[in-house]
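Structure record follows, encoded as structure tokens.
The values are calculated or read from the model by the stated rules, or taken from the named source; none is laboratory data. Model, not experiment: these values are computed from the prediction. Here the Cβ is made from the backbone with ideal geometry for all residues, glycine too, and neighbour counts use every protein chain on show. Ligands, DNA and RNA are stripped out before the accessible areas are found, and what is left, the full protein with its side chains, is counted by its heavy atoms. Shrake-Rupley method; radii C 1.70, N 1.55, O 1.52, S 1.80 Å.
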Amino acid sequence: MKETLSKKETPVIIGAGVIIGIIAVALVYFGNPANMGFCIACFLRDTTGALGFHSAAAVQYIRPEIVGLVLGSCILALATKEFKPRGGSAPVTRFVIGMFVMIGCLMFLGCPFRMILRLAGGDFNAIFGLIGFIAGILAGVFFLKKGYTLKRSYKMQPVEGGIFPVVEIGILVLLIAAPAFIHFTEADGGPGAKHAAIAISLIAGLLVGVMAQRTRLCMVGGIRDVVLFGEWKLLLGFIAILVSALIGNMVLGYFNPGFAGQPIAHTDGLWNALGMALAGFGCVLLGGCPLRQLVLAGEGNTDSAITVLGLMAGAAVAHNFGLASSGEGPTANGKIAVVIGFIVLIVIAAVNSMRKSEA
Amino acid sequence: MKMMNSNIMTAYFEAVKYNCKRRFYSMKTIDARGLSCPEPVIRTKNALASGEKAYTVMVDNVTAKENVSRFALHQGYKVSVKEEDEDFILTLEK
């Protein structure tokens, strides 16, 4: 079967980006925290807290957006026969890298997706995050060019690939049933109390999950592919999200340009950059940003499911050890953790680049 | 007699063509099955640097198939894809 360059690909991903930007702003309108229509890191952290794995009372809420993203991807993958249970590519390494990606994100107070949404809200602190993010990606690309690989994954049993989406359904049930052992941030108790209605969040997550699966949207891949191959397709997708969310924010009066007083953000430029540099570096080593990991997990990729668990473990550790930043700025423990993170990731990257690549 | 000759001639030239292809039509194979993004494209990119006329790339998922195809098409190769069980076998030809 002959392949040709599809003229549809770029308009489709730009269209998806525009819709995703609108959905992200709409979620804030319906109750999500400011500049946080989506934040994979924050939402996994909030879910982790709700389940009791950390006790930071201000950020405990099971976010249906996460469930929606995984299930939306899963449903579309099943429908298009792209659901392929696979795994076995250095899962423990991925778990650890995931932990440090989360630590980096919580230093900046956002995942790459939220970084874009913060820029679209006029939060100029995210510019430092973006600079650091690009630097981190360049570090990852350096190792990719040296032959970095976590080796191949293998076909897994259907049940193995399906367990993670089913677990997400279970988590949704816990949110709706709200038994006493699930934590909910008190009203006015913090960002965990700010959320859209469950149905709205879930539907938003499903729609974005479907679109992200279909277009292979990935924040890290966007920049990485331009640097490595001169390929702009993914980057155009998230530029579309940025522009669309920016316009949406302006229309709704949410655009608030500046550095100081930004919602759920701090002004320490250096550590905003370093946090996202760690996240960017880790995401290149993982093969995708946190959003992409959720989508892949929905497609049956158990290595990505393990990565998501690593992100959640990282969130628990971050709040239990006092590593997460706040509006006041980074913590001393957080800075140490980020430095340790760079060392660990460099070692992991170097060790996994030392094999001769089989061409 | 003439018909028999032309059949023999056709068979002879087909055999010559086949042997020429086997000797000069080098088909370097890249096995990128199971690899994380963006390794399939990186492996393909590195292999294409040797400038041969044709390559075979094996991947096991649609995203990698799309990415390798897109990359090869941008480099001026013709791409054809065959599905084999769960895998995709791409043939890149200049």
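Data overview
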{"read-out": "Sole residue being under 17 Å from A:M312 (Cα atoms), in a helix (DSSP H, G or I) and within 14 Å of chain B (Cβ to nearest Cβ), chosen from A:I137, A:I171, A:I103, A:I97", "value": "A:I97"}
{"read-out": "Qualifying residue in segment A:207-219 (condition: free of Cβ contacts under 8 Å to residues at least 12 places away in the same chain and of a type in the set (D, E, K, R))", "value": "no"}
{"read-out": "Hits in segment A:287-302 (condition: within 11 Å of another protein chain (Cβ to nearest Cβ), open to solvent by 10 Å² or more (accessible area, probe 1.4 Å) and assigned to a helix (DSSP H, G or I))", "value": "A:R292, A:L296"}
{"read-out": "Residues that are surrounded by fewer than 23 Cβ atoms within 10 Å (Cβ to Cβ) and closer than 23 Å to B:N46 by Cβ, drawn from segment A:196-221", "value": "A:R216"}
{"read-out": "Filter result (assigned to a helix (DSSP H, G or I), in contact with a helix residue (DSSP H, G or I) (Cβ under 6 Å, 6 or more places away or on another chain) and open to solvent by 20 Å² or more (accessible area, probe 1.4 Å)) within segment A:253-270", "value": "none"}
{"read-out": "Residue list for segment B:68-79, filter: open to solvent by 30 Å² or more (accessible area, probe 1.4 Å) and facing chain A (nearest Cβ under 8 Å)", "value": "B:L73, B:H74, B:K78"}
{"read-out": "Considering residues of segment B:42-56 that are open to solvent by 10 Å² or more (accessible area, probe 1.4 Å) and within 26 Å of A:G88 (Cα to Cα) only, the residue farthest from the other protein chains (Cβ to nearest Cβ)", "value": "B:T56"}
{"read-out": "Subset of segment A:138-158 [hydrophobic (A, V, I, L, M, F, W, C), in contact (Cβ under 8 Å) with a residue 24 or more places away in the chain and open to solvent by 20 Å² or more (accessible area, probe 1.4 Å)]", "value": "A:L138, A:A139, A:F143, A:M156"}
{"read-out": "Counted residues, segment A:196-222 - those being β-branched (V, I, T) and within 11 Å of chain B (Cβ to nearest Cβ)", "value": "2"}
{"read-out": "Test: residue in segment A:81-91 that is open to solvent by 10 Å² or more (accessible area, probe 1.4 Å) and touching a Phe, Trp or Tyr at 6+ places or on another chain (Cβ under 6 Å)", "value": "yes"}
{"read-out": "Hits in segment B:41-69 (condition: of a type in the set (D, E, K, R) and modelled with pLDDT under 95)", "value": "B:E52, B:K53"}
{"read-out": "Residue that is nearest to B:N67 (Cα to Cα), among those in segment A:17-38 that are among the small types (G, A, S) and open to solvent by 10 Å² or more (accessible area, probe 1.4 Å)", "value": "A:A26"}
{"read-out": "Subset of segment A:39-55 (residues that are open to solvent by 10 Å² or more (accessible area, probe 1.4 Å) and assigned to a loop (DSSP other than H, G, I, E, B))", "value": "A:L51, A:G52, A:F53, A:S55"}
{"read-out": "Residue in segment B:27-35 that is crowded, with 17+ Cβ neighbours inside 10 Å, at pLDDT below 95 and within 7 Å of another protein chain (Cβ to nearest Cβ) present", "value": "no"}
{"read-out": "The lone exception for A:S153 - which of (1) within 14 Å of another protein chain (Cβ to nearest Cβ); (2) within 21 Å of the chain's Cα centre (by Cα) it fails", "value": "(2)"}
{"read-out": "Answer from A:E82, A:E65 - the residue that is within 27 Å of A:V284 (Cα to Cα) and outside any helix (DSSP H, G or I)", "value": "A:E82"}
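Residues checked against (1) under 24 Å from A:I348 (Cβ atoms); (2) within 14 Å of another protein chain (Cβ to nearest Cβ); (3) out of contact with any Ser or Thr (no Cβ under 8 Å at 6 or more places or on another chain); (4) modelled with pLDDT of 95 or more:
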{"position": "A:R224", "(1), (2), (3), (4)": "yes, yes, yes, yes"}
{"position": "A:L236", "(1), (2), (3), (4)": "no, yes, no, yes"}
{"position": "A:S244", "(1), (2), (3), (4)": "no, no, yes, yes"}
{"position": "A:L252", "(1), (2), (3), (4)": "no, no, yes, yes"}
{"position": "A:G258", "(1), (2), (3), (4)": "no, no, yes, yes"}
{"position": "A:I264", "(1), (2), (3), (4)": "no, no, yes, yes"}
{"position": "A:W271", "(1), (2), (3), (4)": "yes, no, no, yes"}
{"position": "A:A279", "(1), (2), (3), (4)": "yes, no, yes, yes"}
